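Student: Here it is: the structure, laid out below.
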Amino acid sequence: MKSLDQSLDHLSAVRKAIRPTTLIRSPRLDELVGAEVLIASESFQYTGSFKFRAAYSAAFRSPASRLIAASSGNFGQALAYAASLMNKEAIIVMPDNSAGVKIESVRRFGGRVELVETKKVSRAERVAQLSTEYPDAQVLSAYDHDDVIAGNSTLGAELAERAGDYDAVIVPVGGGGLSAGLIMGLRQAGSKMEVYGAEPLLANELPGCRQDYRK
């Protein structure tokens, strides 16, 4: 029971820290697809994406005062801001060809940026080097981490509470942290909505998402 209470306290803290998702109806989109569509937009979330849910959750739960992660931008910004709220240091390893606005955003949120020329050194290699330099630090994945997934579950919980009786949720799939968290949050809230992963047709690398449904 103690671990359950701690988990509930953790997710309660995350939900107090984030902005609720913005739910948008589009009659035109309904007409195009022939179904009632509700868009859950995370564009108004702190740092501009759902990644803040994950980053705040991971930073909140981490016992370390220094956090290290690899990111092209969105998770890095989110972790830098989340860490700053808790007086922790965030070191973000980014490709040197990352968008300049994202590099500067990480710095503006208080993060330290480590740029790498990925043709010579991978982000994972630089993260490993930094973890050796700072043995007291915690390395976080933007998607493959229990606390990251738990943070994303707050979106599933919100949809279960606010979206109403929808048949299914279509979730964009990248590393899988959002889809895993979404399913967790929906199921913990008692929702039976089906969940489908989706990718852009020209970047469909996830097994099972490689069929061209326009045929």
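The values are calculated or read from the model by the stated rules, or taken from the named source; none is laboratory data. Keep in mind it's a predicted model, so treat the numbers as computed, not measured. We place every Cβ from the backbone using ideal geometry, glycine too, and count neighbours over all the protein chains shown.
Student: Would you check which residues across region 56-69 are within 15 Å of the chain's Cα centre (by Cα), surrounded by 24 or more Cβ atoms within 10 Å (Cβ to Cβ) and hydrophobic (A, V, I, L, M, F, W, C) and list them?
Tutor: The initial filter retains those residues of region 56-69 that are within 15 Å of the chain's Cα centre (by Cα), namely 56-60, 69.
Narrowing the set further to residues that are surrounded by 24 or more Cβ atoms within 10 Å (Cβ to Cβ) leaves 56-59, 69.
ALA58, ALA59, ALA69, listed by residue number.
Student: Contact list please: Cβ distance under 7 Å, first residue in region 92-104 and more than 17 Å from ILE68 (Cβ to Cβ), second residue surrounded by 13 or more Cβ atoms within 10 Å (Cβ to Cβ) and among the acidic types (Asp, Glu), pairs at least six apart or on different chains.
Tutor: Filtered contacts from region 92-104: no entries.
Student: Quick check: anything in region 70-83 touching a Lys or Arg at 6+ places or on another chain (Cβ under 9 Å), among the polar types (S, T, N, Q), at pLDDT 95 or above and assigned to a loop (DSSP other than H, G, I, E, B)?
Tutor: Yes, because at least one residue in region 70-83 is touching a Lys or Arg at 6+ places or on another chain (Cβ under 9 Å), among the polar types (S, T, N, Q), at pLDDT 95 or above and assigned to a loop (DSSP other than H, G, I, E, B).
Student: Of all residues in region 153-192, which are among the basic types (Lys, Arg) and either surrounded by 15 or more Cβ atoms within 10 Å (Cβ to Cβ) or not in a helix (DSSP H, G or I) (or both)?
Tutor: ARG187, LYS192
Student: Check LEU85, LEU67, LEU79, LEU130 and return the single one that is farther than 30 Å from ALA40 by Cα and of a type in the set (A, V, I, L, M, F, W, C).
Tutor: After applying the criteria, what remains is LEU130.
Student: I would also like to ask the following. Looking for something within 22 Å of ASP147 (Cα to Cα) and in contact (Cβ under 8 Å) with a residue 24 or more places away in the chain - is there at least one such residue anywhere in region 20-29?
Tutor: yes
Student: Using the structure shown, decide if ASP147 is charged (D, E, K, R) and not in a helix (DSSP H, G or I).
Tutor: no
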